[in-house]
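What follows is a set of notes on a single structure, which appears directly below.
The values are calculated or read from the model by the stated rules, or taken from the named source; none is laboratory data. Predicted model only: the values in this text are computed from it and were never measured. Please note: Cβ atoms are built from the backbone with ideal geometry, for glycine as well, and neighbour counts cover all protein chains shown.
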């Protein structure tokens, strides 16, 4: 019995099976490639239709509605602002430790503005807070690498987990805020 040739690597298979390179499943020749690393559309242009379908399922926030994740994010901003200003005022020789009272006041004002913007359901505020969360997750992940005690590692893991959870929950809230803004414009 003659051996069949593999389509992708031109090697023969004993039982006439079509083999794919390691780690990949064979694709039918007529199936378009959808997505990719750049988010480009496939040959069939299915990606924009899928995105439009997902956006259509999102319902905008109702008048006065504030999802729990948005309230948690606002509370976190307020607590961080309080912690920053208390730390800036109570630490003696702040400049020796790389800080300044003016920097602490500025950071407190920024955090309070973000909290107010998120409470008012502003897209820019949620996006900015998510940027801060992403930065916090990255820095805490780097701190986990150099954690010298189990307690420090546990605190880093808790911070990464809670920050990631809040980041994930805010994605849908941002989508609902954006859908409401787009429908108001139209």
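Which of the numbered conditions does residue 57 fail, given that it passes all the others? Conditions: (1) within 24 Å of the chain's Cα centre (by Cα); (2) surrounded by 10 or more Cβ atoms within 10 Å (Cβ to Cβ).
Unmet condition: (2).
Filtering region 88-101 down to residues that are assigned to a loop (DSSP other than H, G, I, E, B) and either under 26 Å from residue 167 (Cβ atoms) or out of contact with any helix residue (DSSP H, G or I) (no Cβ under 9 Å at 6 or more places or on another chain) (or both), which residue is modelled with the highest pLDDT?
Going through the qualifying residues, I end up with 98.
State the number of residues belonging to region 46-87 that are closer than 21 Å to residue 128 by Cβ and in a helix (DSSP H, G or I).
Qualifying residue count, region 46-87: 18.
Do we find a residue being over 27 Å from residue 179 (Cα atoms) and either modelled with pLDDT of 95 or more or assigned to a helix (DSSP H, G or I) (or both) anywhere in region 119-127?
No: zero hits.
Exactly one of these conditions fails for residue 54: (1) at pLDDT below 95; (2) touching a helix residue (DSSP H, G or I) at 6+ places or on another chain (Cβ under 9 Å); (3) more than 17 Å from residue 179 (Cα to Cα). Give me its number.
The single condition residue 54 does not satisfy is (3).
Of everything in region 132-163, what is within 17 Å of residue 77 (Cα to Cα) and touching a helix residue (DSSP H, G or I) at 6+ places or on another chain (Cβ under 6 Å)? Give them in sequence order.
Of everything in region 132-163, those that are within 17 Å of residue 77 (Cα to Cα) and touching a helix residue (DSSP H, G or I) at 6+ places or on another chain (Cβ under 6 Å) turn out to be 133, 136, 137, 159, 160, 163.
Read through the list (1) surrounded by 16 or more Cβ atoms within 10 Å (Cβ to Cβ); (2) farther than 22 Å from residue 61 by Cβ; (3) touching a residue at least 24 places away in the same chain (Cβ under 8 Å), then give the number of the only condition that residue 159 fails.
The number of the failed condition is (3).
Given the conditions (1) surrounded by fewer than 16 Cβ atoms within 10 Å (Cβ to Cβ); (2) closer than 26 Å to residue 61 by Cβ, which single one is not true for residue 149?
So residue 149 meets the others, but not (2).
When you look at residue 76, is it out of contact with any helix residue (DSSP H, G or I) (no Cβ under 6 Å at 6 or more places or on another chain), surrounded by 13 or more Cβ atoms within 10 Å (Cβ to Cβ), under 30 Å from residue 182 (Cα atoms) and at pLDDT 80 or above, yes or no?
yes
Taking residue 112, is it more than 21 Å from the chain's Cα centre (by Cα) and in a helix (DSSP H, G or I)?
yes
From the list 63, 18, 30, exactly one residue is surrounded by fewer than 10 Cβ atoms within 10 Å (Cβ to Cβ), farther than 30 Å from residue 179 by Cβ and either out of contact with any helix residue (DSSP H, G or I) (no Cβ under 6 Å at 6 or more places or on another chain) or modelled with pLDDT of 90 or more (or both). Which is it?
30
Give 114, 132 a once-over and let me know the one that is closer than 29 Å to residue 61 by Cα, crowded, with 17+ Cβ neighbours inside 10 Å and free of Cβ contacts under 8 Å to residues at least 24 places away in the same chain.
That would be 132, the only listed residue that is closer than 29 Å to residue 61 by Cα, crowded, with 17+ Cβ neighbours inside 10 Å and free of Cβ contacts under 8 Å to residues at least 24 places away in the same chain.
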